[in-house]
Amino acid sequence: MIKKKKIVLRDTGAHEHSAGDGHDHGGSCCDSQKNAKSSRIKQYTPAIISFVLLMSGILLDFLNVGFFKDWLRIVWYVAAYIPVGFPVMKQGWESILKGDFFTEFFLMSIATVGAFAIGEFPEGVAVMLFYTVGELFQHSAVTKARGNIKALLDVRPKSATVLRDGNPVSVAPESVKIGERIQVRVGEKVPLDGKLVSQKASLNTAAISGESKPSTILHGDKVYAGSINLDGVVEIVTTKEFKDSSIARILDMVQNATARKSKTELFIRKFAKIYTPIVVFLAIGLTLFPYFFVQDYIFSEWLYRALIFLVISCPCALVISIPLGYFGGLGAASRNGILFKGASFLDTITKINTLAMDKTGTMTKGVFKIKDIVVYSEDGSTNAPLTEQDFMHYLMAIEAQSTHPIAKAILDYKNDGEGHKAQDVFEVAGKGLIGTVDRKSVLAGNEALMLVNGIVVPETARAVVESTVMVAIEGKFAGYVVIADELKEGAMEAVESIRKMGISKIVMLSGDKEAITQKVAGELHVDSAMGGLLPEDKLKEVERLKGVAGAKVAFIGDGINDAPVLAASDLGIAMGGLGSDVAIETADVIIQTDQPEKVVQAIAIGRSTRRIVWQNIGLAFGVKAIVLILGAGGVATMWEAVFADVGVALLAVLNAVRLQNMKWQ
């Protein structure tokens, strides 16, 4: 389970994450920890009991203790067998009832029962214990980091403040009816879709659209649930019930997409369906066929060989070696700041040939900064009579009166000397600010503000696709400041390296403006890009990519709006450092450091792990084949079979350990 974060308000993609959200979770947290600890104890207890009884029995046999014989010895080993053997036999029986006879559970059951039938009690217990330990390794690898979609409940607004009889009343969003008026305070999420009643509002809509720039919404405009109010108390008239709201649609899409995603079937399941019937029929043949070819045929002798053959054929080493390889890969990835939520995703990442990515907060930093400052002279050229410092003095004096995130980015500019003081500053809704600085009239805002006041905007300024703050002083265009999101360090190199690794198609899908998306996509040299997408649009586009024959699609994202796509893609990769809790919970792979180049490293670790696993499979098959031949010829005994399994398992462990020492740049 991913830990909840403190309340953090970002302008792009990450949203309000509350440790408590006004509720007391202390008791439930302690209860869940106790339950988890109790569950782990129950999980490992059978193997521990079996191991203790087995080792005690082997020691008593070795010391040739007088009382440890006959029925007591049988009961002792049966007691050692039941904790690990009964669950496997139960699964085998349930599979048979479903018509699936030849599973690894069936093979393990008949092999170990056969061992007991010929008096090889310790070997029968040891074989089943090895199998159980292997399963525990696999279970631990898959569930160690696996959360659930519980975080989605934390994204949903907990309450709505409804104006009833003129008084604000806090109610559950589900109980609010269409047409009711609700209040949303600063920092709160909008609980339902509606229309703005207040004159204007500044909203972070990244949860819905993914657009990096906060939106200025005017009276009568649509407001979507999940948006965050950035400035002042606003009032909204609801137009939809909660079940039909934008945020509810996202929750529904995530759940449906998760249900549609099929996980990679474990190799051993596929292998057992072929291997088990072959082994069983070979054992039957080994028992009966010699009757026709061997003189002095003794049924019990060949039955004994057949049972030894079955014991030898148990895929214990194979079952252990596979999860051990994956476990090593999971550990190596974790130490490099990459969290795979299961062994199957280490396999999936090696098959990816199409990569779709979000922009804001994924390949860019998701924060506003001044990218460029352009100062014009009176005749429109860039031979500026104003220095950059003076120009910024005027602009900063005006913007100091605003709380807008873009104003904050401008005020981060390092300006020498004493700043100017602005007077008579007022805001033109949706356009910008007008005021007086050093007895000169100053306008600071968008192109619309300039045009309304008769200011001629140069074509070079109008051509800028990023967010710009244009400035006019004394009725003349003085220049502009480009405010833009920055590419993350290593983003360009990461895209280039991903392409070199054989990913044939790389696309960008963003909720940000089309022009900005295309510009960033051009800088990253991706194959194609689409901007202005809502979550359902991204989902449709990823489904289209998945529909291409042979396509295996991975998606990289970080925001709430990316959660449905992360769930629907063949492999969802989330930026975990600053990404939303929902994206983190929904994704299959978490990049804990938020670095794009870690995606390259994740692919490399997946490929190395797959290589190690197949080496272990080859080793297990090779040794198994040799011992099976020896067993059929009556050369190998039960202990040699068990020793062969243990030896292969140890070699597999040593091979898997190599993953811990590998370096991936």
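The values are calculated or read from the model by the stated rules, or taken from the named source; none is laboratory data. Since the model is a prediction, treat every value here as computed from it, not as a measurement. FYI the Cβ positions are ideal-geometry reconstructions off the backbone, even for glycines, and counts take in every protein chain you see. Just the protein is used for accessible areas: all its heavy atoms, side chains included, with ligands, DNA and RNA removed. Shrake-Rupley method; radii C 1.70, N 1.55, O 1.52, S 1.80 Å.
Can you pull the one-decimal nm distance between simple spin-label points at SER198 and ASP100, each 7 Å off the Cα toward Cβ?
Inter-label distance under the simple model: 5.6 nm.
At 0.36 nm per residue, and after removing the present C-alpha to C-alpha distance, how many nm does the segment from ALA625 to GLU459 gain when stretched out fully?
Contour length minus the Cα-Cα distance gives 52.1 nm.
Per residue of segment 283-295, what does 6.51 cos²θ - 1.76 cosθ + 1.60 with θ = phi - 60° give for ³J(HN,Hα)? Whole Hz please, x for Gly and Pro, Karplus curve as stated.
For segment 283-295, the Karplus curve yields 5, 5, x, 5, 7, 9, 4, x, 4, 8, 10, 10, 6 Hz.
Among TRP76, TRP302, what's the order by accessible area (1.4 angstrom probe), most exposed first?
TRP76, TRP302
Given a Förster radius of 22 Å and the C-beta distance between ASP527 and GLU466 as r, what FRET efficiency does 1/(1 + (r/R0)^6) yield to the nearest 0.05?
Details: r = 23 Å, r/R0 = 1.02.
Here the calculated transfer efficiency is 0.45.
In nanometres, what is the gap between the two model label sites at ALA172 and GLU514, each 7 Å from Cα along Cα-to-Cβ?
4.3
Just order 452-462, 86-96, 395-405 by mean Cβ neighbour count inside 10 Å, highest at the front, would you?
Highest-to-lowest ranking by the protection proxy: 395-405, 86-96, 452-462.
Taking a 21 Å limit on the Cα-Cα distance, which of the listed pairs LYS359/LYS513; LYS488/LYS663; LYS365/LYS663; LYS200/LYS476; LYS365/LYS408; LYS488/LYS519 fall beyond it?
Too far apart for the 21 Å limit: LYS488/LYS663; LYS365/LYS663; LYS200/LYS476.
On a full-extension model of 0.36 nm per residue, what is the gain between TRP664 and LEU163, subtracting their alpha-carbon distance, rounded to one decimal in nm?
Value of the extension gain: 174.6 nm.
Post the alpha-carbon centroid distance, segment 589-635 to segment 422-439, in whole angstrom.
Distance between centres, Cα-based: 66 Å.
Starting from the amide H of VAL223, placed 1.01 Å from N in the peptide plane, find each other amide H under 5 Å away whose residue is 5 or more places distant or on another chain.
GLY194, LYS195, LEU196
Convert each backbone phi in segment 342-347 into a coupling constant with the Karplus relation 6.51 cos²θ - 1.76 cosθ + 1.60 (shift: θ = phi - 60°), then list the ³J(HN,Hα) values in order as whole Hz, x for Gly and Pro.
Per-residue couplings from phi come out as x, 5, 4, 6, 5, 6 Hz.
So what are the ³J(HN,Hα) numbers for segment 112-121, from phi and the Karplus equation (6.51, -1.76, 1.60; θ = phi - 60°), rounded to whole Hz, Gly and Pro as x?
Residue by residue, segment 112-121 yields 6, 5, x, 4, 5, 5, 9, x, 8, 5 Hz.
If R₀ is 35 angstrom, what is the calculated FRET efficiency for the pair GLN401 and THR593, using the beta carbon separation as r and rounding to 0.05?
The value I calculate is 0.35.
Would you mind checking which residues have amide H under 5 Å from GLY479's amide H? H placed 1.01 Å from N; only 5 or more apart, or other chain.
TYR376, VAL471
Leaving ligands, DNA and RNA out of it, work out the accessible area of ASP527 with a 1.4 Å probe and give it in Å² to the nearest 10.
Only protein atoms counted, so the area is about 80 Å².
Pull up all non-local amide H partners of SER467: gap of 5 or more, or a different chain, and H-to-H distance under 5 Å with H placed in the peptide plane.
Sorted by chain and number, the residues that satisfy this are ILE483.
So how much accessible area does ILE298 have, in Å² to the nearest 10, using a 1.4 Å probe?
Counting only protein heavy atoms, ILE298 exposes about 80 Å² to solvent.
Calculate the spin-label point distance for SER334 paired with ILE48, positioning each point 7 Å from the Cα along the beta-carbon direction, and give it in nanometres.
Placing both labels 7 Å beyond Cα along the Cβ direction yields 2.0 nm.
For a protection proxy built on the mean count of beta-carbon atoms within 10 angstrom, sort 161-171, 118-128, 348-358 highest first, please.
Sorting 161-171, 118-128, 348-358 by mean packing, highest first, produces 118-128, 348-358, 161-171.
Which value, in Å² rounded to 10, gives the accessible area of GLU180 with a 1.4 Å probe and all protein chains present?
My reading of the accessible area for GLU180 is about 40 Å².
With r as the distance between the Cβ atoms of VAL367 and ALA117 and R0 = 41 Å, compute the FRET efficiency 1/(1 + (r/R0)^6) and round to 0.05.
Numbers: r = 70 Å, r/R0 = 1.72.
Between ALA117 and VAL367 the formula returns 0.05.
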